[in-house]
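The structure appears right after this line, and notes come after that.
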Amino acid sequence: MTEALPELRDPLPGERLSSVLTHPSPTVDSVVVSSQAPKPHSQPPVAQQADSLSPQERSERARTAAKARWAKAKIDWETIPIEEALIVLADMRAEGELGGNIVQRRISQARVEETVCYNPSCMRDGQRTRIDIGSGRFAGKRDRINKDTGAYESAYACSAACWLYVTKNFLTTG
């Protein structure tokens, strides 16, 4: 890309393969899936001590953390020539777009295609009514975050009558 920032140039195909082999990819455990309840956790010791800090100590800790984050920056945005800065920003946007598309595709592949109607009295052939949500064949959907577990929950209705049940019983606030 540029002579001043060789670490930001696009890798050659052979280099891409070697970088993939040397940099481990994130594991499934590092990605939070909405259908899994988060693991209970305690506050880290630093957060527990934060209540006992004075306002001055808290400000100093925040300044130190900000300096540490900015020390990791690979580019000196204050002194880099504008032309190079624009090129670097364009490359960063392209990388972000590529990453976003890949992550979205991975999420789409993991989507649930079928669920049951939220109304417990909705039955077909003696079993809870199944809804094909992948094709969009449902009357309504309501989402919320479970206060107890922090997990994201969705309720689907198969018909207008069941949608009335969902709106009355699947509360999103409160």
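The values are calculated or read from the model by the stated rules, or taken from the named source; none is laboratory data. Computed from a predicted structure; not experimentally measured. All Cβ positions, glycine included, derive from the backbone under ideal geometry; neighbour counts span all protein chains shown.
Numbers below:
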{"read-out": "Residue pairs meeting the criteria (Cβ under 8 Å; at least 6 apart or on separate chains; first without any contact (Cβ under 8 Å) to a residue 12 or more places away in the chain and closer than 30 Å to ALA161 by Cβ, in segment 96-120; second basic (Lys, Arg) and outside any loop (DSSP other than H, G, I, E, B))", "value": "PRO120/ARG128"}
{"read-out": "Those residues of segment 70-83 which are modelled with pLDDT of 80 or more and not hydrophobic (A, V, I, L, M, F, W, C), in sequence order", "value": "ASP76, GLU78, THR79, PRO81, GLU83"}
{"read-out": "Of all residues in segment 118-168 being among the hydroxyl-bearing types (Ser, Thr, Tyr) and within 23 Å of SER108 (Cβ to Cβ), the one that is surrounded by the fewest Cβ atoms within 10 Å (Cβ to Cβ)", "value": "SER135"}
{"read-out": "Top-ranked residue in segment 78-92 [being in a loop (DSSP other than H, G, I, E, B) and loosely packed, with under 10 Cβ neighbours inside 10 Å; ranked as farthest from the chain's Cα centre (by Cα)]", "value": "THR79"}
